[in-house]
1. Of all residues being of a type in the set (V, I, T) and surrounded by 10 or more Cβ atoms within 10 Å (Cβ to Cβ) in the stretch 426-471, which is farthest from G409 (Cα to Cα)? Just the residue, please.
2. Go through the stretch 329-350 and count every residue that is surrounded by fewer than 19 Cβ atoms within 10 Å (Cβ to Cβ) and either part of a loop (DSSP other than H, G, I, E, B) or among the aliphatic types (A, V, I, L, M) (or both).
3. Could you list, in sequence order, all residues of the stretch 446-471 that are small (G, A, S), assigned to a loop (DSSP other than H, G, I, E, B) and either within 42 Å of the chain's Cα centre (by Cα) or within 30 Å of T375 (Cα to Cα) (or both)?
4. Restricting attention to the stretch 255-309, which residues are crowded, with 21+ Cβ neighbours inside 10 Å and at positive phi?
5. Those residues that are of a type outside the set (D, E, K, R), more than 27 Å from D133 (Cα to Cα) and over 22 Å from the mean Cα position of the chain (by Cα), I need them from the stretch 13-57; list them, please.
6. Tell me, which residue of the stretch 98-149 that is in a loop (DSSP other than H, G, I, E, B), touching a strand residue (DSSP E or B) at 6+ places or on another chain (Cβ under 8 Å) and small (G, A, S) is farthest from F219 (Cα to Cα)?
7. Out of R42, R55, R48, I need the residue that is of a type in the set (K, R) and touching a Ser or Thr at 6+ places or on another chain (Cβ under 7 Å). Which one?
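The values are calculated or read from the model by the stated rules, or taken from the named source; none is laboratory data. This is a predicted model, so every value here is computed, not measured. Note that each Cβ is placed from the backbone with ideal geometry, even for glycine, and that neighbours are counted across all protein chains shown.
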Amino acid sequence: MAYSDLQEYLRSLEAAGKLHWINEPVDPSWEVAAITRHAFDRYGWIDRPAIGFRRVGASQMPLVVGVIGGSPSIYALALSTDVDKIPAVWERAQRNPIEPVNVQTGLCKEMICCGSEVDAHVLPQVVWTPGQDPGPYITAPLVVTKDPETGRRNVGTYRVQIKGSQRLGLYVGSAQHAARHIRQHDSRKQEMPVAVVIGTDPTLVLASITKFPYGTDEFSVAGGLRGEPVPLVDCETVDLQVPANAEIVLEGVIRSGVRELEGPFGEFSGYMSPGGQSPVIELTCMTRRRTPVYHCFLSQMPPSESSCIRSLSRSAGLFHHLRQVLGLPVKDVHFTESGGASSMLVISMRKEYPEQVKEVAFGAWSLMNKEGKFTVVVDDDIDVRNPFQVEWAMSFRAQPARDTFVVDGVVPSGVDPSTAPPDVPQHDPRRQAGSKMLLDATRKHPYTPAARVPGEYIEAVQKKWRQYGFK
């Protein structure tokens, strides 16, 4: 089933008992972040709820967080599927994308404010790392830009700082597709149109977060996820199309060469990323529903909503790339949450020849050039989501001198704190050089049998388990 918009999805989430609404007034400068973080720390991966806040400071907009990646079961509900079927849904969507359709109007056009009437301060002014972030951030935006040469669209999720009524700071890593668009417009000395979309059908959010080859239309992938086209409408003041049923759309331009200090911000690494000179979005229009819901992500220290979403989405996207695009014998792929679903990558495969392990690693790095700083490849009998099994394979199927392969001079994650001290600005060249390590934890020769009790004996005692006095 395809959800028509965020609010329809929230009703399904609430009916499933997975959305907890707070009616008490909360302070956006610290309380929203504190409640959300405590909920993520207190509840486990399975039973963690999404949270809604009805009264956030002076804003008239209710706020929701954890509604996409609060837990794997919430993520599955966003895709209208079961947890064990998430990879299959992604596989189908990437094999069969559905192009969006243009429509005349939509819910996002119920209220239109342009020019001097635009005021980003009507949004909940949430500070996600109290005492350290410089101010409120939009953490779950769909940032829409396009290539000025080809007209191809990109939809990505980047951090957006609210700097004023009509001014937003935008941090985009240098290797991101939107950064390419910014460089293209800068080289032409042209202002770049941009739309910041907040609150959509969850499939659009998931497509926005996932890494695809340059030129892929994320709205088409979202169409594949939802099984029907995404309806788009024209923006009012810039030449872009946005989801017709979005909660809020902020339109604006990035002027060529204009940069201002943005950040620091509490990032998915669990550390504060430094501030730096970043592009500025000058707002030209705000369109929205009459009664919008403001959608946010919890990032910062993993486990977080962003680490859950990125782990499930990126793992599925990379699996498709390795298995279907490159034709490699990969069984499973997993970005670990403890690594922010970025730094630590585990891949299982049925190895056909020794050097194929490197082909798998290079294939992964070619699609996600900033991810997989530590990439471990294991045999197909290892469960990549079971740290005990992965560490067992690393311990007894690998020799560091023989099986470790390091690549230097590659692009790291722009917010990896290990690249440079905190006084080095965000976009400084010293943060643009990193390295990757491949550990080949596959068997290199025949092994003796594993030291396990035979399965038939285990089955026999399972049948008699209560007779032994166990419950």
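1. Checked the stretch 426-471; the qualifying residue farthest from G409 (Cα to Cα) is V461.
2. 3
3. Hits for the stretch 446-471 are A450, A451.
4. If the condition is that a residue be crowded, with 21+ Cβ neighbours inside 10 Å and at positive phi, then G263, Q300 are the ones that fit.
5. A15, A16, G17
6. G135
7. From the options R42, R55, R48, the qualifying one is R48.
Each row is one residue, and each column tells you yes or no for (1) more than 21 Å from the chain's Cα centre (by Cα); (2) of a type in the set (A, V, I, L, M); (3) at pLDDT 95 or above.
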site	(1), (2), (3)
A364	no, yes, yes
D383	yes, no, yes
F388	yes, no, yes
M394	yes, yes, yes
